[in-house]
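Remarks on the structure that follows.
Throughout, read-outs are computed from the coordinates displayed, never taken from laboratory work. These figures come from a predicted structure and were not determined experimentally. Here Cβ is always computed from backbone atoms with ideal geometry, including for glycine, and neighbour counts include all displayed protein chains.
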Amino acid sequence: MSETVHTYAGNPLDRGESLRRSEETIAALAADDTSLFLPFHKLEVANDGDGLCWLERAAIPAGYRQEIFLGTRDNVAHFAVDLPEVPTGLTFTDCRSIAAALSTEETGIVAQARAQLEWHHRNPFCALCGAPSQPERGGQIRRCTSCESYIHPRTDPVAIMLVVDEPGGNRCLLGRPNGRLANSNFFTALAGFLDQGESIEEAVRREVWEEAGIRVGAVRYHSSQPWPFSSQLMIGCHAVAETHEIRFDPVEMADVQWFSRAEAGAAVDQATDAAIRVPGAMAIAHHLIRSWVQAEVEL
Ligand SMILES: [Zn+2]
């Protein structure tokens with residue numbers, strides 16, 4: 001069974017569960033000359049244009065804000081460090097723009113580091129008592145300095161689905177959300193956050209009903225993609241429609257249409273005569289469309 005590894009997955013680091021149990025061990029690794037540090041500034045990552053810039057401890061300027069232990073590789077500890085100023089000689093790029101220039105493994109490390117740094121930045125206080133919280137376990141969790149509650153990072157699940165018109169069908173359902181691209185020819189797979197107390201299959205059926213007015217039957221999982229803006233997990237599915245008349249939600253959607261396999265295929269191939277544009281290969285939506293166009297999925 002082949003597995004699709006998307007951008008922002010494929011992190012090669014061993015996250016070092018046993019090392020995290022000792023604050024002394026993490027502190028010793030952070031002080032070790034052989035450890036490597038990936039600098040961030042305002043959630044942008046240090047790079048040289050086609051790779052990440054890892055620095056040794058001695059090269060990290062004093063006065064950094066946050067340091068998190070990412071894990072180990074070949075017995076070398078890897079950390080991410082949040083710098084308040086841009087040091088001379090380092091270039092920082094936002095983690096979306098730089099992804100295409102990085103290896104899949106590097107995007108996986110960037111996803112872990114960016115999501116964790118933003119979570120620490122957004123959670124300085126305990127949600128129960130309001131006292132300051134402190135990182136523990138190398139930044140894997142935080143703990144309240146007053147009531148001692150553990151605060152765990154959150155990952156928000158998002159269902160993203162390509163709906164086809166019938167089993168073995170020749171049309172797929174694509175939509176264009178309102179917002180920045182509302183007046184373009186851009187279309188993508190429908191998507192939405194899972195509600196609490198809802199299965200993935202139920203979320204797929206609810207979102208398609210809410211956004212397009214289409215009833216969905218069978219739902220098949222395809223693959224998943226970490227999306228570290230801020231910390232989401234995109235859960236990619238294919239699904240089969242039971243009704244076909246579109247009544248889209250004009251608040252959320254600018255347009256929803258059925259497209260033929262040929263139209264969708266031209267779009268994923270970026271053919272010069274393609275009538276619409278769809279997301280590029282960095283996004284799971286691209287692969288949901290492509291795998292259906294190429295008849296790699298059975299529905
Ligand atoms: Zn507290």
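GNM remark for the chain: springs join alpha carbons under 10 Å apart, and the peak mean-square fluctuation among Ala266, Ala159, Ala191 falls on Ala266. Take the chain, mark every one of the GluC sites (Glu not before Pro) that falls in a DSSP loop and has at most 11 other Cβ within 10 Å, then report the longest stretch left between them, sites excluded. The longest uninterrupted stretch comes out as 149-244.
Annotation: amide H of Ile214 within the under-5 Å range of Trp209, Arg247, sequence separation 5 or more or interchain, hydrogens built in the peptide plane. With a cut-off of 13 Å on the backbone N, the residues of region 89-109 near the modelled label site 7 Å out from Asp50 along Cα-Cβ are 101-103. Residues within the reach of a label modelled at Asp32 (point 7 angstrom out along Cα to beta-carbon, backbone nitrogen below 16 Å), restricted to region 60-74, are 68-74. Less than 5 angstrom separates the built amide H of Phe186 from those of Arg277, all sequence-distant by 5 or more or on a different chain.
Rounded to the nearest 20 debye, what is the charge dipole size of the chain about its Cα centre when +1 sits on each Lys and Arg Cβ and -1 on each Asp and Glu Cβ?
Details: 25 positive and 41 negative charges, 79 e Å.
Charge dipole of the chain: 380 debye, to the nearest 20.
Taking a Cβ cut-off of under 13 Å around Ala254, the surrounding Lys, Arg, Asp and Glu residues balance to a net charge of -2, with basic ones at +1 and acidic ones at -1.
Subtracting the Cα-Cα distance of Arg277 and Asn123 from 0.36 nm times their residue separation leaves 51.7 nm of extension gain.
Please report the antiparallel percentage of the DSSP beta bridges confined to region 154-257, to the nearest 5.
Working: 20 of 29 bridges.
The answer is about 70 percent antiparallel.
Under the classification rounded if a/c is under 1.5, otherwise prolate if a/b is larger than b/c and oblate if not, where does region 77-170 fall, given a ≥ b ≥ c as square roots of the Cα gyration tensor eigenvalues? Walk me through the intermediate numbers first.
Working: a/c = 2.97, a/b = 1.35, b/c = 2.20.
Here region 77-170 falls in the oblate category.
If the chain between Ala218 and Val76 were fully stretched, how many nm would it gain, using 0.36 nm times the residue separation less the Cα-Cα distance?
On the way: separation 142, 0.36 × 142 = 51.12 nm, distance 4.60 nm.
Fully extending the segment from Ala218 to Val76 adds 46.5 nm.
Region 1-85: percent of C-alpha pairs farther apart than 15 Å? Considering region 1-85, 62 percent of its Cα-Cα pairs are separated by more than 15 Å.
Inter-label distance, Ala101 to Asn183: 3.2 nm, where each label sits 7 Å from its Cα along the C-beta direction.
Report the extension gain between Ala295 and Tyr150 in nm, rounded to one decimal, defined as 0.36 nm multiplied by the number of residues separating them, less their alpha carbon distance. Kindly include the intermediate steps, with their values, before the conclusion.
Values: separation 145, 0.36 × 145 = 52.20 nm, distance 4.66 nm.
Extra length available between Ala295 and Tyr150 comes to 47.5 nm.
May I ask for log10 I(q)/I(0) of the chain at q = 0.09, 0.10, 0.16 Å⁻¹, from a Debye sum over the Cα atoms as equal point scatterers with solvent left out? Log10 of I(q)/I(0), two decimals: -0.54, -0.65, -1.21. The H on the amide N of Ser223, modeled in the peptide plane, is under 5 Å from the matching H of Gly236, each at least 5 residues off or on a different chain. Name the shape class, rounded, prolate or oblate, that the alpha-carbon gyration tensor gives for region 156-293, where a ≥ b ≥ c are the square roots of its eigenvalues, rounded holds for a/c under 1.5, and otherwise prolate holds if a/b is larger than b/c and oblate otherwise. The shape class here is rounded.
Above 20 angstrom, tally the Cα pairs of region 1-152 and express them as a % of all pairs, no decimals.
Working: 5770 of 11476 pairs.
Percentage above 20 Å: 50.
Taking the DSSP bridge list for the chain and keeping only pairs wholly inside it, about 75 percent are antiparallel.
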